[in-house]
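A short write-up of the structure that comes next.
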Amino acid sequence: MPPAATAPHPVDEVLPLRRMIPLGIQHVFVMAASPISAVFLVSQTLGLPSALTVNLLSATFVLSGLGTILQSWGPWKFGARLPFVMLPGGAPIVLFLGIAEQYDIRTAVGAVILAGVFYFVALPLFARLLKYFPTLVIGIMIVIIGVNLIRVSGLLVTGQPGSPAFGRPSGILLALVTIGFTVLFFRVLRGGLAQLSVLLGLAAGTLVAFLAGATGGVDSVVAGPVLSVPTFLPFGTPHFDIVAAIPLMIFSIASMAEATGQTVVNAEIVGKDIDVKRAASRTIRGDGLTSLVGGLFGTPLMVTSGENIGIVRVSGVRSRFVTLTAGAILVVIGIVAPIGRVISLIPAPVVGGTALVVYAIVMGLGIQLLRKVDFHQQSNMVIAAAAFAVGLLPILIPGLYDKFPGDLRILLGSGVAMGAFVAAILNVVFHHLGRRPVDASQEDITQLAHDEHHHPAAPADRAGPHEIREPVDSRAPRSEGVTAGAEEGQVR
């Protein structure tokens, strides 16, 4: 047999360390904006002290790194053994903040842990549930996620209404400068550099803030310990409330559908044949385990992300050991304390400007998904209208359900969970009860992923390798590969 016949698949190829380290760093550059934005959203919204913010940032980087290693390495039944990365999810951040504001931070942490356990409980049933989360439902959910995240990100720019700093022009100008630089970099850069446009925009906005004297003193960077290990249970003993955790549990079902689609897309891109049901189950177990451990260190749910897929496309390097190296680098960033202290100096309006770009793309990807739905069918229009009404109302009118009982308030007040719940229920009513014909939008998840890879849309309709797509929150790129579950609940 010739040597080529026994050569490992490019996904399983172990490259020389001198190549894996720079390639891993490139992945980290693309990923870095997401954990930074996530931690700042949580810290600013909940008013966390600086020391706790740095600790949470450390934990988020470490858990992102460990999750990336788990998905890329794939020990036992955990991890897809594909070039995956893991990051804090956009929707889970919103749900985490909603629970923390309605109850308290310890209840939010308990909800994350319960949702992590729920992944393993619901996994045997997820194939049967997928058909209730077609393209229509997932698209509605992602649009609502995007709107909610834009609202929360805007508060980083303006400050909380009623506070003395609310609407300060300097903060708004810093955010606009950051957005402007991001767009500029996107316009003028090409190839791999274009993928760093969001991170470069964040750096440019920070530099402008530093020159304007809007950042903290650099003395705090060198003060304190060099190494920092994330604190176990930083918010104290978690409080477990099943009702409070329901929004995150609802999300976890949709997340399983997204993980399935993302696994198919990733395998298609790297050219590896997989057993979809087996590989998706490994991906979901990795998500569940990383989220469960992350909850013990105060992070929101962690989800598998496609932010690195653009790099795989551009570089042509398909080895999962490159993303494993990126995971190790993320862990190092998390435990080297001065790095976290440097990041904590970034002004909130700069992070807010970056987050506005990132999460507006999330909403755009949801709209892109909805374009696949046949809205000439009146049933689809009614489902979308009702779900958007229920989902957007508590986002656009904060405090709408404040006079309702506590447990009911947390459910109704979660626009993401309620929008997805209403869309899924109405989808059952219109498309499953009475054996009505299945809508064309309920495509097989494997077929759509195959079509997306082999028959891409025109540049105006689909983000290309030179567009700002990779540095988006975890749910964002993944959603493109997410559609209905396999017809009649079977995943091929």
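The values are calculated or read from the model by the stated rules, or taken from the named source; none is laboratory data. Here the structure is a predicted model, which means the values were calculated and not measured. Cβ coordinates were reconstructed from backbone atoms using ideal geometry, including for glycine residues, and neighbour counts include every protein chain displayed. Side chains included, ligands, DNA and RNA excluded: accessible areas come from the protein's heavy atoms. Shrake-Rupley method; radii C 1.70, N 1.55, O 1.52, S 1.80 Å.
Taking every residue in the range 390-404 that is at positive phi and pairing it with any residue that is open to solvent by less than 40 Å² (accessible area, probe 1.4 Å), at least 6 positions away or on another chain, yields no pair with a Cβ-Cβ distance below 6 Å. Among the candidates Ser163, Ser197, single out the residue that is modelled with pLDDT under 90 and not in a helix (DSSP H, G or I). The conditions single out Ser163. Inside the range 121-152, can you point out the residues that are surrounded by fewer than 18 Cβ atoms within 10 Å (Cβ to Cβ) and within 17 Å of Ile246 (Cβ to Cβ)? Listed by number, the residues that qualify are Val121, Ala122, Leu125, Leu129.
Of all residues in the range 217-247, those that are of a type in the set (Ser, Thr, Tyr), at pLDDT 85 or above and crowded, with 17+ Cβ neighbours inside 10 Å total 0. Residues in the range 347-390 that are open to solvent by 40 Å² or more (accessible area, probe 1.4 Å), farther than 12 Å from Val147 by Cα and not acidic (Asp, Glu): Arg371, Lys372, Phe375, His376, Gln377, Gln378, Met381, Val382, Ala385, Ala389, Val390. Consider the range 261-275 and keep the residues that are part of a helix (DSSP H, G or I) and open to solvent by 10 Å² or more (accessible area, probe 1.4 Å). The one that is farthest from Val11 (Cα to Cα) is Val265. Annotation: of all residues in the range 317-341 being among the small types (Gly, Ala, Ser) and under 14 Å from Gln71 (Cα atoms), the one that is most open to solvent (accessible area, probe 1.4 Å) is Ala328. Scanning the range 85-97 for residues that are in a helix (DSSP H, G or I) and crowded, with 24+ Cβ neighbours inside 10 Å yields Gly90, Ala91, Pro92, Ile93, Val94, Leu95, Phe96. The residues listed here are Leu56, Leu82; of these, the one that is of a type in the set (A, V, I, L, M, F, W, C), crowded, with 21+ Cβ neighbours inside 10 Å, over 20 Å from Pro238 (Cβ atoms) and in contact (Cβ under 8 Å) with a residue 24 or more places away in the chain is Leu82.
Scanning the range 171-194 for residues that are charged (D, E, K, R) and in a helix (DSSP H, G or I) turns up just one, Arg187.
Considering only the range 87-145, state which residues are farther than 19 Å from Gly47 by Cα and hydroxyl-bearing (Ser, Thr, Tyr). Across the range 87-145, the qualifying residues are Tyr119, Tyr132, Thr135.
Looking only at residues that are under 16 Å from Val358 (Cβ atoms) and open to solvent by 40 Å² or more (accessible area, probe 1.4 Å) in the range 170-179, which one is nearest to the chain's Cα centre (by Cα)? Within the range 170-179, the match that is nearest to the chain's Cα centre (by Cα) is Ile179. Just a yes or no: is a residue in the range 22-29 in a helix (DSSP H, G or I) and either without any contact (Cβ under 8 Å) to a residue 60 or more places away in the chain or in contact with a Phe, Trp or Tyr (Cβ under 8 Å, 6 or more places away or on another chain) (or both)? Scanning the range 22-29, I find at least one residue that is in a helix (DSSP H, G or I) and either without any contact (Cβ under 8 Å) to a residue 60 or more places away in the chain or in contact with a Phe, Trp or Tyr (Cβ under 8 Å, 6 or more places away or on another chain) (or both), so the answer is yes. His431 passes every criterion in (1) at pLDDT below 80; (2) over 26 Å from Gly90 (Cβ atoms); (3) of a type outside the set (Asp, Glu); (4) crowded, with 19+ Cβ neighbours inside 10 Å apart from (1). Among the candidates Thr45, Thr6, the residue that is more than 15 Å from the chain's Cα centre (by Cα) and closer than 19 Å to Ala355 by Cβ is uniquely Thr45.
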